1. So which residues in segment 72-85 are touching a residue at least 40 places away in the same chain (Cβ under 8 Å) and either closer than 24 Å to Ile45 by Cβ or not in a helix (DSSP H, G or I) (or both), if there are any at all?
2. Across segment 53-77, what is the total count of residues that are at negative phi and more than 12 Å from the chain's Cα centre (by Cα)?
3. Mind listing whichever residues of segment 8-35 are in a helix (DSSP H, G or I) and surrounded by fewer than 13 Cβ atoms within 10 Å (Cβ to Cβ)?
4. What number of residues within segment 47-71 are in a helix (DSSP H, G or I) and farther than 21 Å from Gly21 by Cβ?
5. Go through the residues of segment 63-71 one by one and say whether even a single one is surrounded by 18 or more Cβ atoms within 10 Å (Cβ to Cβ) and farther than 12 Å from Ala118 by Cβ.
Amino acid sequence: MLRSILAVLVGMILWDILWLGSNNVFFLIFPELMDLEGPIDNAGILLLFMLLSVIFSVIAGYVTVMIARRKPVAHALVLGGIQLAIGIVMQIQYWELMPVWYHLGFLLLLVPGYLAGAMLRRPKLPSAQPVEQVPEG
């Protein structure tokens, strides 16, 4: 149980570090497109943010399952559920600053990203061995 809690916490912290770090980099690189107090309506930047969110979700899901070592789907769903709840609160806070399609896309892609990462890390099933042919006779 402790390993599961630790795994989910690490996944959450990892996603947050990657997300906040990438946002800070974009604010430094594209200050004209990333007004800290105004709306962000550049579709290219918003699509890039959505893509990064999915990539970070896959990485966090993978690391979470790597730490948990069991029940990959369950751990990814717990992580995804918590992050989705946090994401809803955050998107509501910034609702007026970005288009609706961004908010909805961002939220709808979180859990599938975590599940994809979990599936990449899940234990592989052993491959079937060929059956030896016994000569008749």
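1. Of everything in segment 72-85, just one residue is touching a residue at least 40 places away in the same chain (Cβ under 8 Å) and either closer than 24 Å to Ile45 by Cβ or not in a helix (DSSP H, G or I) (or both), namely Gln83.
2. 9
3. Scanning segment 8-35 gives Ile13, Ile17, Leu20, Gly21, Asn24, Val25, Leu28, Ile29.
4. Total satisfying the criteria: 2.
5. Looking through segment 63-71, none of the residues is surrounded by 18 or more Cβ atoms within 10 Å (Cβ to Cβ) and farther than 12 Å from Ala118 by Cβ.
Every number in this text was worked out from the coordinates using simple rules, so none of it is lab data. Small disclaimer: the values here were computed from a predicted structure and weren't measured. Ideal geometry is used to build each Cβ from the backbone, glycine not excepted, and the neighbour counts take in all protein chains shown.
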